[in-house]
1. List residues of the range 17-43, by number, whose backbone nitrogen lies under 14 Å from a label position 7 Å along Cα→C-beta of Gln200.
2. Taking the radius of gyration and the Kirkwood hydrodynamic radius from Cα positions alone, what is the Rg/Rh ratio for the range 1-94, to two decimal places?
3. Okay, helix-only estimate at 222 nm for the chain: each DSSP H run of n ≥ 4 adds -39500 (n - 2.57), divide by all residues, round to 500 deg cm²/dmol; what do you get?
4. Compute from the Cα atoms of the chain the Rg and the Dmax, the latter being the longest Cα-Cα distance, and quote both in angstrom.
5. So what are the ³J(HN,Hα) numbers for the range 188-194, from phi and the Karplus equation (6.51, -1.76, 1.60; θ = phi - 60°), rounded to whole Hz, Gly and Pro as x?
6. Mind listing the long-range amide H neighbours of Tyr25? Cut-off is under 5 Å, sequence gap 5 or more, other chains count too, H placed in the peptide plane at 1.01 Å from N.
7. At a 10 angstrom cut-off on C-beta neighbours, averaged per residue, how do the peptides 100-109, 14-23, 34-43 rank from highest to lowest?
8. Run through the range 141-201 and list the GluC sites (Glu not before Pro) located in a DSSP loop whose Cβ has at most 15 other Cβ atoms within 10 Å.
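Only the coordinates and a few stated rules stand behind these numbers; no lab work does. The structure presented is a predicted model; accordingly, all values stated were derived computationally and were not measured. Note that each Cβ is placed from the backbone with ideal geometry, even for glycine, and that neighbours are counted across all protein chains shown.
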Amino acid sequence: MKLFYASGSSSMAPHILLEESGMSYSLEKVNLDAKTWDGGDYNLLNPKSYVPVLKTDSDSVLTECAVILEYIGGQTNGNHLIEKYGSRSYWEQRMWLNYIATELHKNFISPFRKGNWLPNTDDSKKFVYNRVLPRLKLVDNVLKQQEYLVNNKFSAPDAYLFVITNWIKRLGYSFDAFKNLQRFDSKMRERTAVQRVLDQEGKAHTLQEKG
């Protein structure tokens with residue numbers, strides 16, 4: 001499999017899951033400003049112009065973070081990254097993947113941002129915080145009694161949620177109202193796979209306001 005990614009973006013979630021899975025894969029870094037990768041025009045691969053993209057072993061092209069996470073989890077055996085289809089845990093994982101994609105990920109994308117990145121002006125940061133605050137509080141409350149989202153063990157939705165807590169840090173938002181999310185973020189950073197991914201991806205794209 002081949003993962004097309006941009007440092008610090010939502011593609012970090014499937015990157016983490018690939019590391020956790022132990023499966024063989026390769027990486028292709030995408031320049032989202034120029035819409036290019038080493039193979040040329042990224043839009044020819046993904047007309048949506050964003051990451052992640054996963055090329056499967058059969059050369060199929062998958063897009064959308066939640067879908068790619070489910071696909072990767074479905075290729076593994078016995079590690080519960082995605083539970084068996086039809087089980088209660090499977091549907092709980094699906095609910096979390098969709099919630100993170102639509103209520104958290106989407107609401108971190110400010111209409112006032114400049115470029116294909118996180119909010120990078122003071123006004124857009126405030127706007128985004130007000131939108132995500134009640135949604136983050138809901139997740140924080142769920143994590144009061146557990147370390148991970150489903151069955152209290154790491155699975156695909158946790159990789160996606162770590163993208164969100166990493167964005168909280170990058171944007172300089174306070175964790176004062178999200179102590180359980182802060183604990184979750186710290187726990188995730190202890191995982192060897194997460195440490196490898198952070199090391200491989202390096203510094204994320206600048207958040208400084210652009211002219």
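1. 17-30
2. Working: Rg = 13.7 Å, Rh = 13.8 Å.
My calculation puts Rg/Rh at 1.00.
3. Working: 8 runs with 94 residues, N = 211.
Dividing the helical sum by the residues of the chain leaves -13500 deg cm²/dmol.
4. That works out to 16.5, 50 Å for Rg and Dmax.
5. 5, 5, 7, 6, 4, 4, 5
6. none
7. Details: 100-109: 18.1, 14-23: 22.6, 34-43: 13.4.
The most tightly packed comes first, giving 14-23, 100-109, 34-43.
8. Numbers: sites: Glu147, Glu190, Glu201; in loops: Glu147, Glu190.
Passing sites in the range 141-201 are Glu147, Glu190.
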